[in-house]
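The values are calculated or read from the model by the stated rules, or taken from the named source; none is laboratory data. Please read these numbers as outputs of a predicted model, since none were measured by experiment. Glycine gets a Cβ as well: all are built from the backbone with ideal geometry, and neighbour counts include every protein chain shown.
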Amino acid sequence: MTTKRIAPLPEESEEASPVQTLTAEQARRVREQNPPVSPWWVVAGQVVVGFVAALAAWALTGKQNVGWSVAYGALAVVIPAAVFARGLTGKFSSLNAGSAAVGFLLWEMVKIALTLAMMAMANRLVAGLSWPALLIGLVLAMKVYWVALAFAPRPKTKSS
């Protein structure tokens, strides 16, 4: 019985592969130059942005309920993000790659469910709720994910 090949195997080319394997030393240097951003750094940024946005909304409109609405919108992002960060930094999530992936998906679902529950309770918890203001607080706090990456603490470089 002969086997048929559907596609020919690639021949060895004289061009170098664009992917190069790193040595242990090179990999260590890459990790040192690009440390992971702590999820707690992102949560802290969200708290600051939410607080400043709530104060600005209150000051600009002169209405306390608008400030509280913006603050609650930010809290609807901050609290689930803090639960998510706590879940990701737990012991179970760092056992191996499989448990880390399952943990990430599990805590992401918890985060989404908690956000939806907080949004559903908003009308009962904030007197004189302003939905547009709440959504502004929510969006501003969500955008901190990108800003936190730009302003994350960087390692100090050693001068040679």
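Highlighted here are the helices (runs of 4 or more DSSP H) found entirely within the stretch 18-124 that include at least 3 residues which are basic (Lys, Arg): 24-33.
Only one entry in ALA81, ALA57, ALA71, ALA100 is within 17 Å of the chain's Cα centre (by Cα) and at pLDDT 85 or above, namely ALA81. Residues considered: ARG86, ARG124. Of these, the only one that is within 23 Å of ALA57 (Cα to Cα) and not aliphatic (A, V, I, L, M) is ARG124.
Put simply, of MET142, MET109 the only residue that is closer than 22 Å to SER38 by Cα and either loosely packed, with under 12 Cβ neighbours inside 10 Å or in contact with a Lys or Arg (Cβ under 9 Å, 6 or more places away or on another chain) (or both) is MET109.
Close contacts from the stretch 22-34, counting a first residue that is within 17 Å of ALA152 (Cα to Cα) and a second that is modelled with pLDDT of 85 or more, with Cβ to Cβ under 8 Å and a gap of 6+ residues or different chains, come to none at all. The residues of the stretch 56-72 that are without any contact (Cβ under 8 Å) to a residue 24 or more places away in the chain and of a type in the set (A, V, I, L, M), listed by number, are ALA56, ALA59, LEU60.
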